[in-house]
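Scroll down for the structure; my scribbles are underneath it.
Read-outs throughout are calculated quantities, based only on the coordinates presented, and are distinct from any laboratory measurement. Source: prediction; values computed, not measured. So basically every Cβ, Gly included, is an ideal-geometry build from the backbone, and we count neighbours across all protein chains shown.
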Amino acid sequence: MIEIPPVADLVAGEWRECDSVLGFALEDPATGTPTSRAVGTSYERTDAAIAAADAVHRSGAWSARTADERADLLDAIAAEVEVDAARIVELESFATGVPLRQTSILAVILGGAFRLAAGQLRAGWLTSTMPREDGRTALVERLPWGPAACLVPWNAPAPMAAHKIANALAAGCPTIVKPSEYAPHGTQLLAGSIQRALAAAGLPDGLFQLVHGDAAVGGQLVADPRIRAVSFTGGLAGGRAVASACGFGIKPVQLELGGNNPLVVLPDADTGTAARAAADLLTTLNGQWCRALGRLIVPADRADEIVGAVLARLAGLTAGDPLDQATDFGPLIHSGHRERVAAAVDELVERGGTVHRSLGVPVAGNFLSPTLVTGVDPADTEAEIFGPVAAVHTYADLDEAVALANGTDYGLEAYVVGADEDAALAVARRIRAGEVKVNGSSIMSLHLFTPRPAWGLSGISEEGTAETLRFFTNARVVGVEGGFALHGRP
């Protein structure tokens, strides 16, 4: 039996169990059994965390350190995090329902995010010089905005937290992280690893802090004028609230808000390749991820063949306990979320859809078998469901296929499968999305140093290895001009 630690926050160097009770119970997703009441950080403790971060920023104790000094500290954090990585991913699997085989793959991000940020600092990514015509130079320095708030969702919280925290600290920002109230445990252990490294280096307690809670705590962080940059990954409603608060405060905001992502199967596509891609995209993180499959777009004369192949592929998977290494597909995170996803499927059926499922799942727990829905008007499938559910749409020609792929206000990820790679790339270049993958379906980006952009309702401000570091900074340009305005006088 896995040991679940009590939920505790870290404010100004002090760990304290949270006692602000939220309105629901946490669950073991595999059984649906309540485990404890969800709790959060009090208003007073959150305010103290913001004050401590602001004090550190004003002191310059971290921002005045050289890039190499910050890089050394980030490497020390990585070493501490890697000690706890196996335990972190186990807690993530328990809390989210995502199989251990998947969370273990994401473990590379935990320490890797800090090492990548350190490498960018040592490579001088925060400073540059621009030559002038007179032989002088203009120095461009990217400086920290100030205290930063990092808000992460529940589907892969610790890896996303690591990415945001690493870059905020690298930029020189005192950092406060708030994981989702549905999955606090892995990020809490990550925070302990970070704190050990910071304490060993003798750095101020307010440089890195952890708070817990729901939208009220997140809203307190985002609205406070002492918080000068906000990075948020989550749902559209939360993103709109965050954007509104940041707009009022005139502070930069980074939003990744999800997607309704198409997989376009071209007429020459190999059936097995198409089925594998669709099954992967339906079951990665149990279908609970922003880049999951939302719409399967197939040639009209191959629809039955491809749907059948996807169902056959899904039927061969193993559903069960996420902590079992044999499990391919686990439960949804919470019974409340399962009810919302199931209700979305029911609504599609009411609109004329037919449900297709093949993977047997346990009766107990928050399981929902991966689902394809045929026969629904594309106009009724424009919204994100955020679960293992995809609508199937057919097309007669490539123009129609592209129109279907672009037929949503989201624009995060898209996928194209085809035997002729050049032809598939040509179709990919017609799709409005931040990243379009041809003949692939992994959770990783196409390249470590390409951006992860978002279009439409999927968000604003690019994420990425380099982009997130730059997000937490603003530029200052310094140089000798040696020239004066001409107003008719010497």
A correct Karplus calculation of ³J(HN,Hα) over the stretch 27-38, with 6.51 cos²θ - 1.76 cosθ + 1.60, θ = phi - 60°, whole Hz and x for Gly and Pro, returns 10, 7, x, 5, 10, x, 6, x, 10, 5, 6, 6
Ranked on Cβ counts within 10 Å of their own Cβ, fewest leading, Glu400, Glu17 go Glu17, Glu400
Here, trypsin sites (Lys or Arg not before Pro) of the stretch 1-102 satisfying both criteria (DSSP loop; at most 16 other Cβ within 10 Å) are Arg65
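For each of Ile176, Ile306, count neighbouring Cβ atoms within 10 Å of the residue's Cβ, then give the residues from fewest to most.
By the 10 Å Cβ count, ascending, the order reads Ile306, Ile176.
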Nearest 10, in degrees from 0 to 90: the angle of helix 43-59 to the longest Cα principal axis of the chain is 50
For the stretch 59-103 the GluC sites (Glu not before Pro) that pass both the DSSP coil test and the at-most-10 other-Cβ-within-10 Å test are none
Taking 239-245, 445-451 and ranking on average Cβ neighbours within 10 Å, highest first, one gets 239-245, 445-451
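For the stretch 364-444, run through the trypsin sites (Lys or Arg not before Pro) and keep only the ones in DSSP coil with at most 13 other Cβ atoms within 10 Å of their Cβ.
For trypsin sites (Lys or Arg not before Pro) across the stretch 364-444 that sit outside H, G, I, E and B with at most 13 neighbouring Cβ atoms in 10 Å, the list reads Arg429.
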Calc'd 3J(HN,Hα), the stretch 458-472, phi into Karplus 6.51 cos²θ - 1.76 cosθ + 1.60 (θ = phi - 60°), Hz, glycine/Pro = x, comes to 7, x, 9, 6, 4, 9, x, 4, 8, 5, 5, 4, 5, 4, 7
Contour minus Cα-Cα span, Arg132 to Ala201, at 0.36 nm per residue, comes to 20.8 nm
Residue-normalised 222 nm signal for the chain, counting each DSSP H run of n ≥ 4 as -39,500 (n - 2.57), nearest 500 deg cm²/dmol, is -12500 deg cm²/dmol
For Cα Rg over 2.2 N^0.38 Å, with candidates [x] 0.96; [y] 1.18; [z] 1.03, the value calculated from the shown model is option [z]
Note to self: Kirkwood Rh of the stretch 261-438, Cα pairs, one decimal, Å, is 16.2
Ranked output for segments 129-139, 223-233 by mean other Cβ atoms within 10 Å, highest leading, reads 223-233, 129-139
Rounded to the nearest 10, the angle in degrees between the Cα long axis of helix 157-171 and the longest principal axis of the Cα atoms of the chain comes to 30
Plugging the Cβ-Cβ distance of Arg87 and Ala419 into 1/(1 + (r/R0)^6) at R0 = 41 Å yields, to the nearest 0.05, a FRET efficiency of 0.40
